[in-house]
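Inspection log for the structure reproduced underneath, given as structure tokens.
The values are calculated or read from the model by the stated rules, or taken from the named source; none is laboratory data. From a predicted model like this one, the values you see are computed outputs, not experimental measurements. For neighbour counting, all protein chains shown are included, and Cβ atoms are generated from backbone atoms with ideal geometry for every residue, glycine included. Side chains included, ligands, DNA and RNA excluded: accessible areas come from the protein's heavy atoms. Shrake-Rupley method; radii C 1.70, N 1.55, O 1.52, S 1.80 Å.
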Amino acid sequence: MIVKSLFIRLMAAFALVILIAVAIIFVIVNQTTTNEFRAYMFRGQMTQFDQIARELAAYYSARGSWQGVDQYLAQALDAGMGAMMGGGPRGHGMLGMMDASVLIADANGVVVASRDGAGVGQKASGAQIANGTPIQIGGQTVGTLIASTPATASFDTQQQEFLHRANLSLLLAGAVAGAIALAFGFLLFYQITAPLNALAAASRQIASGDLTARITSPRDDEIGQVGRAFNAMAASLAQSEAARRNMIADIAHELRNPLGVIQGQLEGMLDGVFPLTSEQIASLHDETLLLTRLVDDLRELALADAGQLKIAREPTDLGALVEKTVGAFASQAAEKHIALESEIVGGLPKTSIDAQRIEQVLRNLIGNALRYTPENGTVRVRCSVGSDKPPAVIVRVSDTGPGIAPDDLPHVFERFYRGDKSRPRVGGGAGLGLAIAKQLVAAHGGAMGVESEPGRGATFWFSLPT
């Protein structure tokens, strides 16, 4: 699995980083320890050199010259500083350990004695004199003790054993630290990959058609945000799927009714039950018109959903369009004894709209308002400029009808939704008008909404950018 391989790759990369870090630390610390240990021994050797210098000063003071000092030096070095001072056996003093080359130069810088007899009679260099230990009597320098330690000076068995134990301790500490780091890394990477594994499993369930799959208890970090986004997506998919199924069922229901009427009437005519009269043919024609309107509405919704609804924009006087549409319903309002009023607030800017599409929206809203407004009621259409920035033209269609129930209010723009389930289709339509109107307004970049209280009428509004 991808998540498992991700976990393995993370652990392998983390282990490699730990291994490299431990190796670098080991090399640096080992080298530093060796150098510092060598420096420590050299400082101890310098302490011995100071003691030897004092012994040599006493030797020179007793004899007044350096004659025979080579034998004295050989005796001191052979015995080792520890034996010379009453210490341990030969070879365990700093001089023996460091295998130092030791010279004695007189006041003129001429070598008068050396550990191995080399260089006697030659003049020591200025650097050797400067780095040497002066041999002084009463503040006067009578000679210089010169010692040099080879860069490849070796350690004895005990010293090597000490460094070996130090290296083993360092490796053990690195191994323990690496193991602890790997354990923490395991926990960390598991916390990262486990939610991803759950997300992958839920995604496979969604892909197989199970839209109920969810991420349980997503965390508060970034991965938890991904889980919550996935749950929101899954909920949206489930809602869309439910809406699709309901829409298909509603479409089938709306198509079946007029088709059933047409089929029944035709079969009655064929069987001689219904006479073949112009009234029967007109009834069949009405049903076919209803079918045609329903199919046209569905096609219009499908185009809007696909973003293929054609909008022919041009600068339009929206106030004049409202007046024209209201005038078209004047006779219908008069028949129902309803007062149909329009109010156009002055100073309306021209809007870039498709006049036929917006007139379709107005006709739908005004027709619905007249349908639900009782006799002697009022339907008012008001057009004004909103106060928002940038400004938009707002059209409100208000009626004095029974209003909309609070439970129905959030669903009035849904397809095939009708608050009154018992309302006949012929009198109330298929429930697509408001859905189409909202899509048309949205295609213009506007918004649409409704405000209503039961018993106090309803106000449908839409806004269009100028």
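Table for the structure above
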| read-out | value |
| --- | --- |
| Charge sum, other residues only, whose C-beta stays under 14 Å from Lys438's C-beta, Lys/Arg counted +1 and Asp/Glu -1 | -2 |
| Sparse-neighbourhood loop sites, trypsin sites (Lys or Arg not before Pro) in region 230-303 - DSSP loop, at most 15 other Cβ within 10 angstrom | none |
| Dipole-positive endmost among Ile338, Ala242, Ser283 within the chain (Cβ charges, Cα centre) | Ala242 |
| Percent of beta bridges antiparallel (DSSP, region 276-433, rounded to nearest 5) | 60 percent |
| Assigned charges on the beta-carbon of Lys, Arg, Asp, Glu; region 304-415 dipole about Cα centre (debye) | 280 debye |
| Helix-derived mean residue ellipticity, 222 nm - over the chain, DSSP H n ≥ 4, -39500 (n - 2.57), to 500 | -20000 deg cm²/dmol |
| Dipole of region 132-230 [Lys/Arg +1, Asp/Glu -1 at C-beta], most positive-end residue of Gln225, Thr193, Ser208 | Ser208 |
| Per residue, in Å², the accessible surface of region 208-318 once ligands and nucleic acids are set aside, probe 1.4 Å | 66 Å² |
| Per residue solvent-accessible surface (Å²) - region 338-394, probe of 1.4 Å | 50 Å² |
| Sulfur and carbon atoms: percent of accessible area, the chain [1.4 Å] | 58 percent |
| Gyration tensor (alpha-carbon) shape descriptor, the chain, a/c threshold 1.5 | prolate |
| Cα-based Kirkwood hydrodynamic radius, region 226-372, one decimal, Å | 19.9 Å |
| Amide H within-cut-off set for Ala458, under 5 Å, with H built and near neighbours excluded | Asp399, Gly401, Gly403 |
| Loop GluC sites (Glu not before Pro), region 308-396 (other Cβ atoms within 10 Å of the site Cβ: 10 or fewer; DSSP) | Glu375 |
| Value of Rg/Rh across region 115-264 [Cα atoms, Kirkwood radius] | 1.70 |
| Straight-distance crosslink candidates among aspartates and glutamates, where the alpha carbon sits under 19 Å from Lys336 and sequence neighbours closer than 8 are dropped | Glu375, Asp399 |
